[in-house]
Structure formats: C-alpha cells, structure tokens
Amino acid sequence: MTLNELIERAKKISRKYSSGSIPLWMNGEEVDLVLHDVDDQRGLHISLEVVKKPMELPEVRLRQEICICCDNKRKIDELLMRGIVKDVTYSVPSCDVKLSLHCFGTKGETGDWLVLDEQYFWRIMQADWHKALKEQGKIIMI
C-alpha cells in the first residue's frame, strides 16, 4: 500500500460519516498512528508506528479483596464454609487454585481476585483487569 492509497481510503471512510474525527481501534484498543519517512538502501518509504492509547478506567470501590492463590487458602476456605464460594480446587505441587462463586456462577483461578464490592456482593475480578485498575489508582478501598 502506498501513502496515497492510505490517504484515499481514510478520506472515503471520513466522507461516509459526518465527521472525520473517528477514533482508530486495533485489537479492541484505541491507537494512534505515527508515520516516519525513512530513506535507506531500499529508497524512500514510510514506516508506520502503532501507539496504544492508555484506556481510562472507571473507579471501583471495594470493601475487601483477596488474591486467589494458595497463600490465601484459609480465607478462601472460610468463604467456602460461609457458602459464598461454591467449590474450590487446590493443586498441591503447582499451587494452582480454581474456584467458582454461588451468586453469579463465575469462575476464577490463580492470580484472579475475589472482591467484595460496596453493595456487599462477592465477585471475581480477572487478574489483568485488577492490575490495570491498580496501576491507574482506580481501586478505592472503603
């Protein structure tokens, strides 16, 4: 594809809508494109750099959080006895934990988080989601 072809395709898309200020998405994430002109032994060409935009995450208010891991076996077993956790499986040599909750039937595994939200509902939060929220300071403990 040439630079002119890229410009032409972008113009066609922007004409289709009332505004050309439509965000670019790649693999489910908003991105920016940076074009670099490069002149080397192959001649002049354009190098395209894809820059992911950091996604602004919502604030989450939690009363309690427990990492799903063998270190928290006692806390998880307590939730099992209280009927919050439906079932739990511990793998001894690898220290893997798998569990599911009664209320929503959701499943979690090692690295995920059991969280008690502000309405006193226990939920499972995926590890990558928890990490992103933590990095942006969006987890507020109440």
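Annotation note: GluC sites (Glu not before Pro) in the range 30-101 located in DSSP loop regions with a Cβ neighbour count of at most 11 within 10 Å are 56, 59. For the chain, a Kirkwood radius taken over Cα pairs fed into Stokes-Einstein (37 °C, viscosity 0.692 mPa s) yields D = 171 µm²/s. Applied to the range 37-51, the Karplus parametrisation 6.51 cos²θ - 1.76 cosθ + 1.60 on θ = phi - 60° returns per-residue 3J(HN,Hα) values of 8, 10, 10, 9, 4, 7, x, 7, 8, 9, 9, 9, 10, 9, 10 Hz, with x for Gly and Pro. At a Cβ-Cβ separation cutoff of 4.7 angstrom, cysteine residues of the chain with no neighbouring cysteine are 67, 69, 103. Adding -39500 (n - 2.57) for every DSSP H run of four residues or longer, then dividing by how many residues the chain holds, sets the calculated 222 nm ellipticity at -7000 deg cm²/dmol. So what is the relative contact order of the chain, in percent, for Cα pairs below 8 Å that sit 6 or more residues apart? After rounding, I find 19 percent. Note on the chain: GNM, Cα springs under 10 Å; of 11, 53, 131, the largest mean-square fluctuation is that of 11. Of the peptides 124-130, 70-76, the ranking by mean beta-carbon count within 10 Å, highest at the top, reads 124-130, 70-76.
For the range 3-52, the direction-averaged projected area of the alpha-carbon convex hull comes to 4.3 nm².
Taking Cβ atoms as reference points and 9 Å as the exclusive limit, the residues near residue 62 contribute a net charge of -1, counting Lys and Arg as +1 and Asp and Glu as -1. Springs between Cα atoms under 10 Å define the GNM used for the chain, and in it the highest mean-square fluctuation of 48, 101, 57 occurs at 48. With 27 Å as the limit on Cα-Cα distance, the pairs of 52/75; 53/73; 52/107; 53/107; 11/138; 73/131 that go past it are 52/75; 53/73; 52/107; 53/107; 11/138.
Each reported figure results from applying straightforward, stated rules to the coordinates on display, with no laboratory input. Since we're looking at a predicted model, the values are computed, not measured. Reconstructed Cβ throughout: ideal geometry from the backbone, glycine too, with neighbour counts over all protein chains shown.
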